[in-house]
Each structure stands twice: as C-alpha cells, then as structure tokens.
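First comes the structure, then the notes that go with it.
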Amino acid sequence: MNDISTNFEKEMYLKQTELRMRIHLNKYSRAIIKDEKRLVFKNYKDSITYQFEENFLKIQQDTLNLDIVDKAFYFEGEKVSNGNVDAIELVLWKTDKLENRIFVYKNNDALNKLKDGY
C-alpha cells in the first residue's frame with residue numbers, strides 16, 4: 001500500500017510540474033534558450049528563468065526535485081540549442097522498456113518569428 005501511495009505522489013508531482021511548464025510556456029509570449037542550462041520566458045511586463053540541473057529544476061526561487069536524464073528544446077519542429085523555443089521535452093528516468101517524459105508545446109504567433117524583441 002505504501003508503494004502505491006509513493007507512486008501516486010510522484011505522478012501528481014510530475015503532472016503539477018508539467019502543468020506549471022505549460023502555463024509558463026503559454027503565458028509568456030517568448031521562450032528563449034540562453035545556454036544549455038537556462039531558459040527564459042519573457043513578455044512585455046516581466047520574465048521568469050528556468051535553471052536546469054541534473055537533479056533539479058530551479059524556477060526563480062522554487063526548486064523542483066527532478067532527476068533530468070535528458071532535455072531538448074524545439075522551435076517549429078526543429079531541435080535548437082539557443083534562441084526561440086516553442087516546445088520543451090524532459091526525460092526524467094529511463095529503463096529498457098519505460099521512460100517518463102514531460103513534453104509541452106505552444107502554438108506560435110507572429111512575435112515568435114522575430115529574432116530581436118523585448
């Protein structure tokens with residue numbers, strides 16, 4: 001019974017993290033990958049920064065305990081290492097037959113096409 005409870009808590013934590021990422025990606029008009037560890041969400045009012053580490057994801061002052069095995073950022077279906085982002089993929093653990101991943105995306109508007117913006 002304890003294992004079921006632990007698995008349920010992990011699943012809820014991952015769903016909350018995915019929802020939070022989806023909200024940020026859609027709330028802010030631009031998501032820009034600065035380097036392999038920093039992603040910045042911007043709009044005309046403010047910004048928020050994600051700091052990716054091996055064992056955690058830091059969002060501003062919050063630290064989320066996630067074992068990130070792999071991450072990828074995409075823009076218009078192509079993998080990118082810097083610049084605009086419209087999709088984020090995180091692989092959190094992997095075995096031979098299973099893997100747990102978070103994938104969030106948003107539809108682009110005209111502002112995402114601009115190289116230089118605010």
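None of the figures in this text is laboratory data; all of them are computed from the coordinates on show. Quick caveat, the model's predicted, so the values are computed rather than measured. No Cβ is skipped: glycine too gets one built from the backbone with ideal geometry, and neighbour counts run over all protein chains shown.
If the segment from Trp93 to Lys79 were pulled out straight at 0.36 nm per residue, it would be longer than the present Cα-Cα gap by 3.0 nm. Net charge in the neighbourhood of Asn82 (other residues with Cβ under 11 Å of its Cβ; Lys, Arg +1, Asp, Glu -1) is 0. Within the stretch 1-76, the chymotrypsin sites (Phe, Trp or Tyr not before Pro) that combine a DSSP coil assignment with at most 14 other C-beta atoms in a 10 angstrom radius are Tyr44. Counted residue by residue at 0.36 nm each, then reduced by the alpha carbon distance between them, the extension gain from Asn55 to Arg22 reaches 9.8 nm.
Run the numbers for Ile4 and Phe103: contour at 0.36 nm per residue of separation, minus the present Cα-Cα distance, in nm. Mind dumping the intermediate values first?
Numbers: separation 99, 0.36 × 99 = 35.64 nm, distance 2.45 nm.
Gain on stretching Ile4 to Phe103: 33.2 nm.
Past 19 Å, Cα to Cα, is the threshold; run Lys37/Lys58; Lys10/Lys106; Lys15/Lys45; Lys58/Lys79 against it and keep the listed order. Cα-Cα > 19 Å for Lys10/Lys106; Lys15/Lys45; Lys58/Lys79; rest within. Here the stretch 1-82 yields Rg over Rh of 1.02, to two decimals, using C-alpha coordinates and the Kirkwood radius. The value of relative contact order for the stretch 1-98, using C-alpha pairs under 8 Å at least six residues apart, is 19 percent. For the stretch 66-82, 3J(HN,Hα) computed residue by residue from phi via the Karplus equation (6.51, -1.76, 1.60; θ = phi - 60°) reads 9, 8, 7, 7, 8, 9, 8, 10, 10, 9, 6, x, 9, 5, 10, 10, 7 Hz, glycine and proline entered as x.
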